[in-house]
Amino acid sequence: MELPESPATVSPLLDDVTGALEALTAVLRQEDDFRILLRHVCLQVRQAVPGVDEASITLVHGDKPHTASATAAVVGELDGDQYRLGDGPCLESVRSGKIVRTSVTDAIERWPSFASGAREAGFGSFLAAPLVADDEYSGAVNCYGHQDDGFAEIDAQLLELYTAAVEAVFRMYHRYLRARETAEHLRTALTSRAVIDQAKGMLMAIRQVDADDAFALLVEQSQRENVKLHDVAERFVARVISSGAV
């Protein structure tokens, strides 16, 4: 029977996980590149969870898994072996939504090809936790250890705790991206409106027409040439300015 970890043992481990999350949040304030965030997650898992020598992140878009980040090429290759076979502890975690914890020895019967490759690469233990980045992406955080006896239960609990918090960070990151995209669209719309209004004003002065008629002239030109209204207005403004008519 496994004895529970003592508070004296667990507390420093929780401190490591808390420190890793604080570091990830700090990165989020400075970076807007998802790949960099994933890279930091891999590096921090290796620091925060005992026994993790290398780590990777699998993301599944649609039904196609790929390794989005890894601390070493060898674990990316081991992930790839699972993708090609369509099975393995990593994909099992993705599909089941549960922690998968196994030693290479125990994995021989269920995933012989993966277990053989992992052993040849010098790994004896594997741990994976499901990761839901957003509604579009799911995946897993994959941990590889050189030890032969597998990961301890406390290691799995720490990884699960860290991964749950990472999911919240990723959701916050994607909300930020959507907000930034909306702001860009608004900025573009305002810029476009400003150019159109400028063209209308020039037409009103040149043709001696009112605002509605000036706008109608721009729309007619846009439809006749099959060109966006903004582009027609921008071209007209540039032509008037270059001609010195204003």
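The values are calculated or read from the model by the stated rules, or taken from the named source; none is laboratory data. Just so you know, these numbers come straight off a predicted model, no measurement behind them. Glycine gets a Cβ as well: all are built from the backbone with ideal geometry, and neighbour counts include every protein chain shown.
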All positions within segment 123-167 that are part of a helix (DSSP H, G or I), touching a helix residue (DSSP H, G or I) at 6+ places or on another chain (Cβ under 8 Å) and not β-branched (Val, Ile, Thr): 158, 159, 161, 162, 165
Selection status of residue 222, exposed (fewer than 11 other Cβ atoms within 10 Å of the Cβ), among the hydroxyl-bearing types (Ser, Thr, Tyr), part of a helix (DSSP H, G or I) and at pLDDT 80 or above: no
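Quick one: count up the residues across segment 81-94 that are part of a helix (DSSP H, G or I) and surrounded by 14 or more Cβ atoms within 10 Å (Cβ to Cβ).
9
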All positions within segment 95-119 that are in contact with a Lys or Arg (Cβ under 9 Å, 6 or more places away or on another chain) and either among the aromatic types (Phe, Trp, Tyr) or not in a helix (DSSP H, G or I) (or both): 102, 108
Residue identified as crowded, with 16+ Cβ neighbours inside 10 Å, assigned by TED's automatic domain parsing to the domain that holds residue 58, of a type in the set (Val, Ile, Thr) and touching a Leu at 6+ places or on another chain (Cβ under 9 Å) among 141, 104: 141
Residue among 109, 77 that is surrounded by fewer than 17 Cβ atoms within 10 Å (Cβ to Cβ) and at pLDDT 90 or above: 77
Inter-residue pairs, beta-carbon under 6 Å, first within 13 Å of residue 131 (Cα to Cα) and in segment 49-65, second hydrophobic (A, V, I, L, M, F, W, C) and in a strand (DSSP E or B), 6+ apart: 56/70; 57/68; 57/141; 58/140; 59/68
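Listed here are the residues, each with its yes/no results for (1) touching a helix residue (DSSP H, G or I) at 6+ places or on another chain (Cβ under 9 Å); (2) among the aliphatic types (A, V, I, L, M); (3) within 23 Å of residue 33 (Cα to Cα).
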residue: 62; (1), (2), (3): no, no, yes
residue: 65; (1), (2), (3): yes, no, yes
residue: 85; (1), (2), (3): yes, yes, no
residue: 116; (1), (2), (3): yes, no, no
